[in-house]
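Notes follow once the structure below has been shown.
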Amino acid sequence: MFLECPRCFYLDRRLGLPRPDMPGWALNSAVDQLLKKEFDLLRKNGESHALMKKYNIDAVPFEHPELSVWRDDNYKYVGASVMHEPTNLLICGIIDDIWIGNKEKELFIVDYKSTSTQKDISLDDEYKQGYKKQIEIYQWIFRQKGFNVSDIGYFVFANADKSRPKFDGRLEFETTIIPYKGDDSWVEKAVFEIKKCLDSETIPESKNTCQYCGYRRLNHQAES
């Protein structure tokens, strides 16, 4: 939230005024859960997924006793966390999956995404730039936890087909893997900026692109 709008972040974390709730993403969550189950079947035996072979990814799903915590399988809403000692801030991120390279033994951070589009799957859309920041924060967290993390992360996109002649009670998906080379060098600075924001007695200015702040301004104007 801080990267989206420092003002909303401050109101939420410092003053206890959160954004309005949004409807849950039930279908997206269902796809995430099924993908996790699918990769977990291979994780137990250290086997590679057919998609990994299709995209020439020399890796297997990573097995670790804390994986269920990192994925928030029990809905604790913490995930993978690390204490940033200089600011005393606990930085947390809920991942979808981690793969490990068979040769280099590096960890690949993996994020599942669900969509339904006729366009080619890519990371070029404006709103998908946040996806990149998301995976870079995860990479930073796991490096802080002492893991050997690759710069390369993977987005697994499940794209629902809308061209079928009828529904018949099912959706059919085409699954695509898109690699992304992350750069987490900005994260450390952002953590210090978050600390400065929270310690401030002044509410930050809003971003012009923040729809929530735009609504607040219009609402205030209508009431005055």
If you roll a 1.4 angstrom probe over the protein chains with everything in place, what fraction of the accessible area of the chain belongs to carbon and sulfur, to the nearest %? 52
Given bins 10 angstrom wide, list per bin the percent of all Cα-Cα distances in the range 66-136, short to long. 16, 36, 35, 12, 1
What is the gain in length, in nm to one decimal, between K133 and D58 on full extension, counting 0.36 nm per residue of separation less the C-alpha to C-alpha distance? 24.6 nm
When the distances between all Cα atoms of the chain are binned every 5 Å from zero, what whole-number percent does each bin get? 1, 6, 12, 16, 17, 16, 13, 9, 6, 3, 1, 0, 0
Calculate how steeply helix 26-43 sits against the longest principal axis of the alpha-carbon atoms of the chain, using the helix alpha-carbon long axis, and give the answer as 0 to 90 degrees to the nearest 10. 40
Principal-axis tilt of helix 187-199 within the chain, Cα atoms, nearest 10 degrees: 30
Classify the range 80-121: rounded, prolate or oblate, from the alpha-carbon gyration tensor (a ≥ b ≥ c, eigenvalue square roots; a/c under 1.5 rounded; otherwise prolate if a/b is larger than b/c)? oblate
Of the beta bridges DSSP finds with both residues in the range 55-166, what % are antiparallel, to the nearest 5? 65
In debye, nearest 20, what is the charge dipole magnitude of the chain about its Cα centre with +1 on Lys and Arg Cβ and -1 on Asp and Glu Cβ, if you could check? 280
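Give a quick list of GluC sites (Glu not before Pro) in the range 162-217 that DSSP marks as loop, anything other than H, G, I, E or B, with at most 15 other Cβ atoms within 10 Å. Please list the in-between numbers first.
Numbers: sites: E172, E174, E188, E193, E201, E205; in loops: E172, E201, E205.
Here the GluC sites (Glu not before Pro) that fit, given the DSSP loop and packing criteria, are E172, E201, E205.
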Write down the percent of antiparallel bridges among all DSSP beta bridges whose residues are both part of the chain, to the nearest 5. 75
Assuming R0 = 35 Å, can you tell me the calculated FRET efficiency for the pair K103 and K195, based on Cβ-Cβ distance, to the nearest 0.05? 0.35
Total charge dipole magnitude, the range 10-75, about the Cα centre, Cβ charges on Lys, Arg, Asp, Glu only, Debye to nearest 20: 160
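Compute the relative contact order of the chain as a whole-number percentage, counting only Cα pairs closer than 8 Å that sit 6 or more residues apart in sequence.
RCO, the chain: 20 percent.
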With +1 on each Lys and Arg Cβ and -1 on each Asp and Glu Cβ, how big is the dipole of the range 14-135 about its Cα centre, in debye rounded to the nearest 20? 100
Over all directions, average the projected area of the Cα convex hull of the range 1-123 and note it in nm². 10.8
By how many degrees, 0 to 90 and rounded to 10, does the Cα axis of helix 211-223 deviate from the longest principal axis of the chain? 30
At q = 0.14, 0.19, 0.22, 0.25 Å⁻¹, what base-10 log of I(q)/I(0) does the Debye formula yield for the range 23-74 when every alpha carbon is treated as an equal point scatterer in vacuo? -0.44, -0.74, -0.91, -1.04
Choose one of V82, S150, L15: the residue whose Cα lies farthest towards the positive end of the charge dipole of the chain (beta-carbon charges +1 Lys, Arg; -1 Asp, Glu; about the Cα centre). L15
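Under the classification rounded if a/c is under 1.5, otherwise prolate if a/b is larger than b/c and oblate if not, where does the range 119-224 fall, given a ≥ b ≥ c as square roots of the Cα gyration tensor eigenvalues?
Since a/c reaches 1.5 but b/c is at least a/b, the shape of the range 119-224 is classed as oblate.
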With every protein chain kept in place and a 1.4 Å probe, the range 72-115 has an accessible area per residue in Å² of 50
Send over the per residue convex hull volume for the range 177-220, Cα only, as a whole number of Å³. 126
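The values are calculated or read from the model by the stated rules, or taken from the named source; none is laboratory data. Given the structure is predicted, the values throughout are model-derived calculations rather than measurements. Methodologically, a virtual Cβ is constructed for each residue, glycine included, from the backbone with ideal geometry; neighbour enumeration extends over all protein chains shown. These accessible areas exclude ligands, DNA and RNA; they are computed on the full protein's heavy atoms, side chains included. Shrake-Rupley method; radii C 1.70, N 1.55, O 1.52, S 1.80 Å.
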